[in-house]
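Right, one structure below, let's go through it.
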Amino acid sequence: MEPVMHHVRQRVLHRLHRTRILPKRNHSGCAEQAAAPPSTQSRRTKPPLLVSRLYQPSNLRDLGQDGRLPGEMTCKSQRLMQQAGLIHPSNPGCYYYLPATVRSMEKLVRVIDQEMHGIGGQKLDMPSLCSADLWKTSQRWDLMGNELFRLKDRHGADYCLGPTHEEAVTTLVAHQATLSYRQFPLLLYQITRKFRDEPKPRFGLLRGREFYMKDMYSFDVSEEAAYETYESVCQAYARLFTRLGLRCIQVQADTGNIGGKLSHEFQLPADIGEDRLLVCGNCSFSANIETLSSDKRDCPQCKTGTLVESKGIEVGHTFYLGQKYSHIFKATFSNSQNKPGVAEMGCFGLGVTRILAAAIEVMSTEEGIRWPGLIAPYQVCVLPPKKGSKEDAGAVLAEELIHTLGETLPGLRGEVVLDDRTQMTIGKRLKDANRLGYPYVVVVAQGALEETPRFEVICQQTGETMFLSKDGLLDLLGKVETV
Ligand SMILES: [Zn+2]
């Protein structure tokens, strides 16, 4: 292989592995790789990430004069996220997503991408600015009412800011004159900003007017094939929530203004949830109360169980659409007999920002954020001793430890922060770390200076405190899954 090309290839491979597009594997089997000197690029050690430099504008303690933060606090996740400098309110239903939130969201997007790619999904990106013509064709221009953000361009043409993209994606697919049944199931999805003119935006990121959503659209040759696709997407959703450590229930739902024949919601049980669910204690049946007559409490599936009401936050929604949109927009394909057929469609939403806030809502304590470990903004926070204290020498050990972590645990690169605010006591910084919810907090103090150094490790998910040797610590952190 030509040396320059080889170099480029290695860089690309390295990047792909880092972003986990390719599975992790050892390249030592490759002779060229083994002969090449180790890439200096990846070996270079960056200076540690310093808490004092992270942009978290509330700075944890900079509350208003009355000790409260601006904006109406309507739920736990909103309060905790604002206090921790994760989000900042701008105008009603809109927030600044601050750097730690963006890190977490990018991770969540990577997990979603992995699951969607796993079932054959292909990612695209459609305009947010949608022409009214398409929405008038589907009659949703009128049906959506005040929820749709509408605007006019300089020529007087009507547009809306897309809350969902059935019209757009179906038109796109219809434009391909030579679409073959061999390309089916066709699963197209995007993760983009969506807009909805909520009458009463509240609960922070849980009900905003501008939010991120994953919306996927499926095209199939037959009703039977479309149901199979529907099922595979539901299974991918279940895997996603399992990986995030979230208990999510799939309930039968109303099809609402999206239309179609079959629909499910994915709900996280939570007291502040705005959806009322009925769950059977005896079998797997569960449904949104909207789909049942309100006085009915006998399970329609097993007939013996009683339905119990609970509240949930809707984080995902799936619809079997049939030919509703493909018929209107003429999304046809040629079938195995080379005859034209109308595609059977489904659409599948996941609220990206909502999953983030809902996870914080259901996992956190009143005092501190708890993240699904996989998508925590940073995995580890290292706390050196207070400056001028008798353990001051621990500061060097803390930096050494971060260096070692970077060298030996590549999965944790960029995931370890050093709380360098050493003018503060360890206790105060521990309190902040608790509020921010780093999955692992490592205190480098007295124990680390002893002949057999011991590090105090607080596992925030379980609340457990351990005293570990350096090897023990590396063992523990080596098991941390990152994305
Ligand atoms: Zn039942």
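Below are the figures for this structure:
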read-out: Strands (runs of 3 or more DSSP E) fully within segment 81-134 counting 3 or more residues that are over 15 Å from the mean Cα position of the chain (by Cα) and under 30 Å from LEU436 (Cβ atoms); value: 87-89
read-out: Unmet requirement for ASP197, which otherwise passes all of (1) buried (at least 21 other Cβ atoms within 10 Å of the Cβ); (2) over 20 Å from the mean Cα position of the chain (by Cα); value: (1)
read-out: Test: ASP419 is out of contact with any His (no Cβ under 6 Å at 6 or more places or on another chain), outside the structural domain of THR242 (by TED's automatic domain parsing), touching a residue at least 24 places away in the same chain (Cβ under 8 Å) and not hydrophobic (A, V, I, L, M, F, W, C); value: yes
read-out: Residues of segment 289-299 that turn out to be within 9 Å of the ligand (Cβ to nearest atom) and surrounded by 14 or more Cβ atoms within 10 Å (Cβ to Cβ), as a count; value: 1
read-out: Segment 237-288 - residue that is touching a Phe, Trp or Tyr at 6+ places or on another chain (Cβ under 7 Å), of a type in the set (Val, Ile, Thr) and farther than 17 Å from VAL362 by Cα and, of those, nearest to the ligand (Cβ to nearest atom); value: THR255
read-out: Odd one out for HIS155, checked against (1) assigned to a helix (DSSP H, G or I); (2) modelled with pLDDT of 95 or more; value: (1)
read-out: Residue check for THR306: touching a residue at least 12 places away in the same chain (Cβ under 8 Å) and closer than 30 Å to LEU179 by Cβ; value: no
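Condition check ((1) of a type outside the set (Gly, Ala, Ser); (2) closer than 26 Å to VAL111 by Cα; (3) surrounded by 21 or more Cβ atoms within 10 Å (Cβ to Cβ)) across all residues:
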residue: CYS381; (1), (2), (3): yes, yes, yes
residue: ALA393; (1), (2), (3): no, no, no
residue: LEU397; (1), (2), (3): yes, no, no
residue: PRO410; (1), (2), (3): yes, yes, no
residue: GLU450; (1), (2), (3): yes, no, no
residue: VAL457; (1), (2), (3): yes, no, no
residue: GLY463; (1), (2), (3): no, yes, no
residue: ASP471; (1), (2), (3): yes, no, no
residue: THR482; (1), (2), (3): yes, yes, no
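The values are calculated or read from the model by the stated rules, or taken from the named source; none is laboratory data. Nothing here was measured: the structure is a model prediction, and the numbers come from that model. Counting neighbours? That spans all protein chains shown, and the Cβs are built from the backbone with ideal geometry, glycine included.
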